[in-house]
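The values are calculated or read from the model by the stated rules, or taken from the named source; none is laboratory data. Being a predicted model, the structure only gives us computed values, none of them experimental. Here the Cβ is made from the backbone with ideal geometry for all residues, glycine too, and neighbour counts use every protein chain on show.
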Amino acid sequence: MSPSATSDSPDRTSSPAASGVTELQNAVIRFAGNSQDGIQTIGGLLAKLAGRSSREVMTYMTIPSTISGGPSIFQVHLGSGEVLSAGDESDFLFAFYQHSYDSHIASLRRGGICVYDTDHVQEVKGDLDVLHVGIPITSATVEALGGSSRERGKNLFALGLVTQIFKLDKEKVVGLVSKQFGGKNEDVLRNAMLAFDAGFAYPVGDLLKVEYELQQGRGSAVDKVTTDGNTAMVLGLLAGGVRYGAAYPITPWSTIMEQLRVELPKYGGLFVQAEDELAAVAMALGFAYSGHVAVTGSSGPGLSLKMEALSYATMAELPLVVINVQRGGPSTGLPTSVEQSDLMQAIYGSHGDCPRIVLAPKNVADCFYIAVEACELAKTYSCPVFVLTDMALASRIEAFEQPDLSAVVCDPFLDLSTRGEDFKPYPLDGFTRHAAPGSVMTAGKYPVVTGLEHDEWGHPSANPGIHQRMTERRREKIKAFGATLPKPEIYGDESGEALIVGWGSTWGPIREAVERLRESGRPVACIHLRHLNPMPNGLEAIFARFQHVLVVEMNDEGLYGYGQFATLLRARYCDPKIRSICKTDGLNYRVRDIVARVEAVIGTV
Amino acid sequence: MSTAAETPKPLTKKDLTADHPTWCPGCGDFAVLASFFKVLEKLQIPHEKICTIAGIGCSSRFPYFVNGHGVHFIHGRALPFATGVSLSRPDLHVFAFGGDGDGYSIGGNHLDHAARKNVNLTYIVMDNFVYGLTKKQTSPTSPKGFKSKTDPTGAIDQPINPMKKLVYGGASFVARTHATQVKHMMEVFERAILHPGFSVVEVLSECVIFYPGAFDDGNPRKGGTFDLIEEKKWDHSAEDAERHDVSDENAAYRLASLQYPGKFGVFYETDRPTKNQLEQIGIDAARERTGNATAVDLLSSRFASMK
């Protein structure tokens, strides 16, 4: 998307059009301000616009963990091709304050454009290879609103500027603004439109020297859905048949429970805000025991509190979807930063032998699909199913095609059928099947679900043989699920120097890193695992074709030099060529970070 | 009326009896179980609709001894589990059982919240003032000076007052009885079960091994007095002015402040909407707004709004 000839990334091309307008294939726009400026709102509107224009989009934002105020950014990556990451560098920076300018000017690529608010930014670095465009955003907004609204509306003014600069479809943008603010009182919408129009009409053309136009998307003509990962997860849970749940608020999980609290009653269900994490998981298990597909969730610290009850769920074999929106730990850690450090907690974080199913979505759309799958697996295998998403996916907005709802939606069914004389909830040779309360037992003997070790009929037993056999049974059913998993798809070369292994929200940057490495002539590939425990069988056959297996994770290399998933892969395959690429700075991987770390292992050409 | 062939056979104590209790001979909990059976027999609740839930402790073995749908859950969390069952299954009769450690100590916070939410279920606490299953440690209701393995020279912490905790928490039915007083126990169990909302009965139930004689002061056969609360009859008589108004929260606190062994009977009873009812109002309103749309329709319109 380079408007000038200084681009250092050959894969992002621009072509001057006959009209003298510079066409962009994609553009990374970063808004830097304070959290109360509403920059998330305009970022979200731009993302939505991209979805409507069949463009690809991905966003990235940071939010301060303070209650109100503090520096905040929203980055939108719009593209007419495939957009895999939120962008390493921005092409355009909108700096609302001096601190925004100082902190983010380095994120602007060479030859990029920095639009700054001359009312707040006093000092710019003249020696940089960027084009500075000073606009009195604050005073122009105040003027447009009649001087009564203080600094509100700057975000809409900026949106007007963006619409003008990139020649976005003004009608569509206005439609989105009206939808966003139309529900509030008329003054709000009127002021929003005044600020937007002022930004749209601001004489910026001469300042920029070049005209830009984003290319139309080459995707399908169908409007895409644009939303964030937590919302996609909520919709997936609803589609998967979840009708009941309980949780306790914690960032960044809360937006899932807030939405479920509002949505579930529409489906005839209920979500309860519990008094604490322990009560939340207990209530959710109460729902599950009652015959429903239920969900609970939290972030790392909350999951720690839930663990005792989750071991009960393994022992009693109750189905439950458990979501962990990971953030930086340990303890309160970095509550609004991304990390993938709860994998071991999900797999092993409890007392006793608790084989569990652990899944991780790779992008926003996958949050929907993996939630549907988690519901299905919980029912089929009658066990807790963990979903490890993270802060990045939670708040990131992406555009994706609407799922085929008639194919995926599962209507829940409360099974209260009469159980016969042969009722056995935990058969050694079959699936677990509970009789929910309300089911008539023709033999006259009613079941008690227990956390004590028990026999096939659910009767408590401390018999050593029974504990051995039932432990095996709980393990083998999870292994049986693992055997059904297809081998992960290889992206890139079928064999070569390095195989990058990833899981979770790093899917996009890893894929883009593989593309860049291959463009520079390196035979590399990546696989991305969505099923972490059990993992698919047969990975060793893929590993064998590469000289290095590099596991990219956002967690620490630990005492022995390996990240959490790398540790598991080494334990399973005993393969010394499995090594780690780890980091814990609370930020998403940039594509060039991964490229550099891989090159550090395989060498540069 | 249906014909005889279609009429379900009446529920009997025999139908409800499951494993023989593992409690020690002489344990107060046997009488609680027997009274519970008799009340269920009287109320004729459909067998498959009975659901008993407990945490951990001697008394929390209760579900194994009742032949009904049951759950033996983890320590202290019977109430939130039971809350999940009650809120999602209005067709069931949900009972929670436990002791003083399970309900007032490790699960103490859940008791306050189940009470304030007025979840529709009945909770029976067998309070023996001691940890029995783990063999004599101090419990939250152990009196000061009680010698246990964790307080060999005598407990020093002030015990909690269950009645005050329950009234303060917002339980809409709060009663106290004594495991040796079976007739009274059955009366309050029946009232608790018929009460719509969160009903709690505290039963003084002696641990004959680790705290023998704890409740003799409330047992006439051991020289104590079983002093009953006289409830108002609202007959405008002079005596009635002295009687207890069960809807008076302050009067309930005054009763709860009496010197041990205090009084027995219903301390507090009020008619307050249950969480079950309040949530159902929200669910019904939401369903009506959607025009009882199917999940596919609801999700389709939601996705459309995100384009």
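Among the residues of segment A:436-451, those identified as touching a residue at least 60 places away in the same chain (Cβ under 8 Å) and within 7 Å of another protein chain (Cβ to nearest Cβ) are A:Pro437, A:Gly438, A:Val449, A:Thr450, A:Gly451.
Output yes when any residue across segment A:35-54 is basic (Lys, Arg) and surrounded by fewer than 24 Cβ atoms within 10 Å (Cβ to Cβ), and no when none is. Yes, segment A:35-54 has at least one match. More than 14 Å from chain B (Cβ to nearest Cβ), on the phi > 0 side of the Ramachandran plot and in contact with a helix residue (DSSP H, G or I) (Cβ under 7 Å, 6 or more places away or on another chain): does that describe A:Gly496? In short, no.
When the residues of segment A:396-409 are narrowed to those that are out of contact with any strand residue (DSSP E or B) (no Cβ under 7 Å at 6 or more places or on another chain) and crowded, with 16+ Cβ neighbours inside 10 Å, which ends up farthest from B:Pro90 (Cα to Cα)? So, considering only residues that are out of contact with any strand residue (DSSP E or B) (no Cβ under 7 Å at 6 or more places or on another chain) and crowded, with 16+ Cβ neighbours inside 10 Å, the one farthest from B:Pro90 (Cα to Cα) is A:Pro403. Just wondering, is there one or more residues in segment A:261-284 that are buried (at least 21 other Cβ atoms within 10 Å of the Cβ) and aromatic (Phe, Trp, Tyr)? Yes, there is a match, as at least one residue in segment A:261-284 is buried (at least 21 other Cβ atoms within 10 Å of the Cβ) and aromatic (Phe, Trp, Tyr). Within segment B:114-165, the set of residues being away from chain A (no Cβ under 14 Å) and on the phi > 0 side of the Ramachandran plot comprises B:Phe129, B:Lys135, B:Lys136, B:Gly145, B:Gly154. Of the residues making up segment A:136-154, those that are buried (at least 19 other Cβ atoms within 10 Å of the Cβ), in a loop (DSSP other than H, G, I, E, B) and at pLDDT 90 or above number 0. So which of A:Leu194, A:Leu161, A:Leu189 is out of contact with any Phe, Trp or Tyr (no Cβ under 8 Å at 6 or more places or on another chain), in the same structural domain as A:Leu145 (by TED's automatic domain parsing) and surrounded by 15 or more Cβ atoms within 10 Å (Cβ to Cβ)? Within the list A:Leu194, A:Leu161, A:Leu189, the selection yields A:Leu194.
Screening segment A:291-334 for residues that are of a type in the set (S, T, N, Q) and not in a helix (DSSP H, G or I) and picking the one that is nearest to A:Tyr244 (Cα to Cα) gives A:Thr296. Just to be sure, is A:Lys179 basic (Lys, Arg), within 13 Å of chain B (Cβ to nearest Cβ) and either more than 30 Å from A:Leu359 (Cβ to Cβ) or buried (at least 22 other Cβ atoms within 10 Å of the Cβ) (or both)? Here the answer is yes, as A:Lys179 does meet what is asked.
From the list B:Asp227, B:Asp216, the lone residue that is within 30 Å of B:Ala78 (Cα to Cα), modelled with pLDDT of 95 or more and either of a type in the set (S, T, N, Q) or assigned by TED's automatic domain parsing to the domain that holds B:Leu255 (or both) is B:Asp216.
Scan segment A:544-559 and tell me whether some residue there is in contact (Cβ under 8 Å) with a residue 40 or more places away in the chain, more than 25 Å from the chain's Cα centre (by Cα) and either closer than 29 Å to A:Thr336 by Cα or surrounded by 16 or more Cβ atoms within 10 Å (Cβ to Cβ) (or both). The answer is yes; a qualifying residue exists. Among the criteria (1) within 14 Å of chain B (Cβ to nearest Cβ); (2) farther than 20 Å from A:Phe157 by Cα, the one A:Glu56 does not fulfil is (1).
Reported count of residues in segment A:70-109, each being over 24 Å from A:Ser505 (Cβ atoms) and surrounded by fewer than 19 Cβ atoms within 10 Å (Cβ to Cβ), is 3.
Going by what's in this entry, would A:Gly458 be described as without any contact (Cβ under 8 Å) to a residue 60 or more places away in the chain, within 14 Å of another protein chain (Cβ to nearest Cβ) and not hydroxyl-bearing (Ser, Thr, Tyr)? Here the answer is yes, as A:Gly458 does meet what is asked. Among the residues of segment A:221-271, the ones that are part of a strand (DSSP E or B), within 11 Å of chain B (Cβ to nearest Cβ) and under 18 Å from B:Thr83 (Cα atoms) come to 5 in all.
Does B:Ser35 count as more than 10 Å from chain A (Cβ to nearest Cβ) and within 15 Å of the chain's Cα centre (by Cα)? Yes; evaluated as a whole, the condition is true for this residue. Of the set (1) touching a strand residue (DSSP E or B) at 6+ places or on another chain (Cβ under 7 Å); (2) over 29 Å from A:Val387 (Cβ atoms), all apply to A:Ile510 but (2). Considered as a group, the residues in segment A:110-135 that are under 33 Å from the mean Cα position of the chain (by Cα) and under 17 Å from A:Gly33 (Cα atoms) include one that is surrounded by the most Cβ atoms within 10 Å (Cβ to Cβ), and that residue is A:Asp117. Of the helices (runs of 4 or more DSSP H) lying entirely inside segment B:191-307, those carrying at least 3 residues that are within 14 Å of chain A (Cβ to nearest Cβ), within 30 Å of A:Gly175 (Cβ to Cβ) and not basic (Lys, Arg) are B:295-305.
With respect to (1) within 11 Å of another protein chain (Cβ to nearest Cβ); (2) modelled with pLDDT of 95 or more; (3) closer than 23 Å to B:Val208 by Cα, the lone exception for B:Asp19 is condition (2). Considering segment B:86-113, and only residues there that are surrounded by fewer than 23 Cβ atoms within 10 Å (Cβ to Cβ) and closer than 16 Å to A:Ala279 by Cβ, the residue that is farthest from the other protein chains (Cβ to nearest Cβ) turns out to be B:Ser105.
Please tell me if A:Leu414 is at the interface with chain B (Cβ under 10 Å from one of its Cβ atoms) and closer than 26 Å to A:Leu320 by Cβ.
yes
From the residues in segment B:51-74 that are aliphatic (A, V, I, L, M) and facing chain A (nearest Cβ under 7 Å), which one is farthest from A:Gly444 (Cα to Cα)?
B:Ile74
If you go through segment A:236-270 and pick out every residue that is farther than 20 Å from B:Arg89 by Cα and either in contact with an Asp or Glu (Cβ under 7 Å, 6 or more places away or on another chain) or of a type outside the set (A, V, I, L, M) (or both), you end up with 11. Of the residues making up segment A:197-212, just one is at pLDDT 75 or above and out of contact with any helix residue (DSSP H, G or I) (no Cβ under 9 Å at 6 or more places or on another chain), namely A:Pro203.
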